[in-house]
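Asker: Structure provided below as C-alpha coordinates; questions to follow.
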Amino acid sequence: MGEARSIMISSLGIKVVQPSSSCSDPYCPYHGHLKVRGKVIVGRVDSLKMKKAAVIEVEYSAYNSKFTRFERRSNTIHVRVPSCVAVNVGDLVAIAECRPLGKNISHIMLGRVIV
(Lines give C-alpha, C1' and ligand atoms only; values in the text may rest on other atoms or scores of the structure.)
Protein backbone atom coordinates (compact mmCIF):
# COMPACT_ATOMS: atom_id res chain seq x y z
CA MET A 1 0.00 0.00 0.00
CA GLY A 2 1.38 3.39 -1.00
CA GLU A 3 1.97 6.44 1.09
CA ALA A 4 -0.97 8.81 1.65
CA ARG A 5 -0.61 11.92 -0.51
CA SER A 6 -1.21 15.26 1.12
CA ILE A 7 -2.21 18.70 -0.12
CA MET A 8 -1.35 22.02 1.47
CA ILE A 9 -3.94 24.65 2.27
CA SER A 10 -1.59 27.52 1.52
CA SER A 11 -3.37 30.32 3.35
CA LEU A 12 -3.23 28.57 6.74
CA GLY A 13 -0.28 26.22 6.33
CA ILE A 14 -2.39 23.12 7.05
CA LYS A 15 -1.45 19.76 5.49
CA VAL A 16 -4.47 17.59 4.63
CA VAL A 17 -4.43 13.94 3.52
CA GLN A 18 -5.81 13.83 -0.03
CA PRO A 19 -8.22 10.94 -0.74
CA SER A 20 -6.60 8.09 -2.67
CA SER A 21 -9.87 6.68 -4.04
CA SER A 22 -12.27 8.43 -6.38
CA CYS A 23 -15.98 8.84 -5.82
CA SER A 24 -19.10 9.85 -7.73
CA ASP A 25 -20.40 12.14 -4.97
CA PRO A 26 -21.58 15.47 -6.48
CA TYR A 27 -20.86 17.22 -3.13
CA CYS A 28 -17.18 16.18 -3.04
CA PRO A 29 -14.72 19.11 -3.25
CA TYR A 30 -12.17 16.85 -5.00
CA HIS A 31 -14.31 14.86 -7.50
CA GLY A 32 -17.64 16.73 -7.57
CA HIS A 33 -18.77 20.24 -8.42
CA LEU A 34 -19.09 21.73 -4.91
CA LYS A 35 -17.23 25.03 -4.51
CA VAL A 36 -15.41 25.72 -1.24
CA ARG A 37 -15.38 29.27 0.10
CA GLY A 38 -14.86 31.19 3.32
CA LYS A 39 -13.08 29.86 6.39
CA VAL A 40 -11.07 26.65 6.79
CA ILE A 41 -11.43 25.31 10.34
CA VAL A 42 -9.55 22.54 12.17
CA GLY A 43 -11.44 20.40 14.69
CA ARG A 44 -11.92 16.89 16.09
CA VAL A 45 -14.50 14.35 14.89
CA ASP A 46 -17.05 13.94 17.68
CA SER A 47 -19.65 11.68 16.05
CA LEU A 48 -20.16 9.73 12.80
CA LYS A 49 -23.70 8.47 13.52
CA MET A 50 -25.38 10.40 10.70
CA LYS A 51 -25.43 9.11 7.13
CA LYS A 52 -22.86 11.00 4.99
CA ALA A 53 -22.35 13.57 7.77
CA ALA A 54 -20.41 14.07 10.99
CA VAL A 55 -20.29 16.30 14.06
CA ILE A 56 -17.02 18.21 14.55
CA GLU A 57 -16.01 19.85 17.83
CA VAL A 58 -14.00 23.05 17.41
CA GLU A 59 -12.13 24.51 20.40
CA TYR A 60 -11.20 28.19 20.62
CA SER A 61 -10.17 30.68 23.29
CA ALA A 62 -12.17 33.75 24.31
CA TYR A 63 -11.03 36.65 26.46
CA ASN A 64 -12.75 37.06 29.84
CA SER A 65 -12.43 40.71 30.85
CA LYS A 66 -13.57 40.20 34.45
CA PHE A 67 -10.70 37.86 35.27
CA THR A 68 -8.34 39.33 32.63
CA ARG A 69 -7.45 36.00 31.08
CA PHE A 70 -8.52 33.67 28.30
CA GLU A 71 -11.01 30.83 28.70
CA ARG A 72 -11.42 27.73 26.57
CA ARG A 73 -14.69 27.30 24.69
CA SER A 74 -15.96 24.76 22.19
CA ASN A 75 -18.57 24.62 19.48
CA THR A 76 -20.02 21.78 17.39
CA ILE A 77 -20.43 22.00 13.62
CA HIS A 78 -22.35 19.58 11.39
CA VAL A 79 -20.28 18.61 8.34
CA ARG A 80 -20.89 16.71 5.11
CA VAL A 81 -18.40 13.82 4.67
CA PRO A 82 -17.63 12.81 1.05
CA SER A 83 -17.50 9.07 0.40
CA CYS A 84 -13.81 9.20 -0.62
CA VAL A 85 -12.67 10.74 2.69
CA ALA A 86 -11.98 8.15 5.42
CA VAL A 87 -12.08 9.41 9.03
CA ASN A 88 -12.69 7.95 12.48
CA VAL A 89 -13.99 9.41 15.73
CA GLY A 90 -11.24 11.44 17.40
CA ASP A 91 -9.35 12.35 14.21
CA LEU A 92 -8.12 15.90 13.69
CA VAL A 93 -9.75 17.13 10.46
CA ALA A 94 -9.94 20.25 8.30
CA ILE A 95 -13.37 21.50 7.25
CA ALA A 96 -14.32 24.31 4.90
CA GLU A 97 -17.33 26.52 4.42
CA CYS A 98 -19.59 25.93 1.41
CA ARG A 99 -23.14 26.66 0.35
CA PRO A 100 -25.95 25.25 2.54
CA LEU A 101 -26.36 21.52 1.84
CA GLY A 102 -29.16 20.92 4.35
CA LYS A 103 -30.95 22.48 7.27
CA ASN A 104 -27.91 22.32 9.56
CA ILE A 105 -25.05 21.46 7.18
CA SER A 106 -23.06 24.20 5.45
CA HIS A 107 -19.51 22.84 5.80
CA ILE A 108 -17.63 20.11 3.92
CA MET A 109 -14.83 17.89 5.23
CA LEU A 110 -11.51 18.22 3.39
CA GLY A 111 -9.68 15.38 5.16
CA ARG A 112 -7.46 14.45 8.08
CA VAL A 113 -4.84 16.97 9.16
CA ILE A 114 -1.20 15.86 9.26
CA VAL A 115 0.34 17.15 12.47
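The values are calculated or read from the model by the stated rules, or taken from the named source; none is laboratory data. This one's a predicted model, so the numbers in the text were calculated from it and none came from an experiment. Positions of Cβ are backbone-derived with ideal geometry, glycine not excepted, and every protein chain shown enters the neighbour counts. Note: areas computed on protein heavy atoms with side chains; ligands, DNA, RNA excluded. Shrake-Rupley method; radii C 1.70, N 1.55, O 1.52, S 1.80 Å.
Asker: On average, how much area does the Cα convex hull of the stretch 6-112 cover when viewed from any direction, in nm²?
Answerer: For the stretch 6-112, averaging the hull's shadow over all directions gives 7.8 nm².
Asker: A further question follows. Select from the stretch 25-115 those chymotrypsin sites (Phe, Trp or Tyr not before Pro) which occupy a DSSP coil region and have at most 11 other Cβ atoms within 10 Å, ordered by residue number. Before the final figure, lay out the partial values.
Answerer: Working: sites: Tyr27, Tyr30, Tyr60, Tyr63, Phe67, Phe70; in loops: Tyr27, Tyr30, Phe67.
When the chymotrypsin sites (Phe, Trp or Tyr not before Pro) of the stretch 25-115 are filtered for loop state and at most 11 Cβ neighbours within 10 Å, Phe67 remain.
Asker: Along the charge dipole of the stretch 6-112, Cβ charges K/R +1 and D/E -1, which of His107, Val45, Cys84 sits furthest on the positive end?
Answerer: Projecting each Cα onto the dipole axis, the largest value belongs to His107.
Asker: Considering only protein heavy atoms, what per residue accessible area in square angstrom results for the chain with a 1.4 angstrom probe?
Answerer: About 67 Å² of surface per residue is accessible.
Asker: What lysines does Lys103 reach when the alpha-carbon gap must be under 23 Å and sequence neighbours fewer than 8 apart in one chain are set aside?
Answerer: Qualifying lysines at Cα under 23 Å: Lys35, Lys39, Lys49, Lys51, Lys52.
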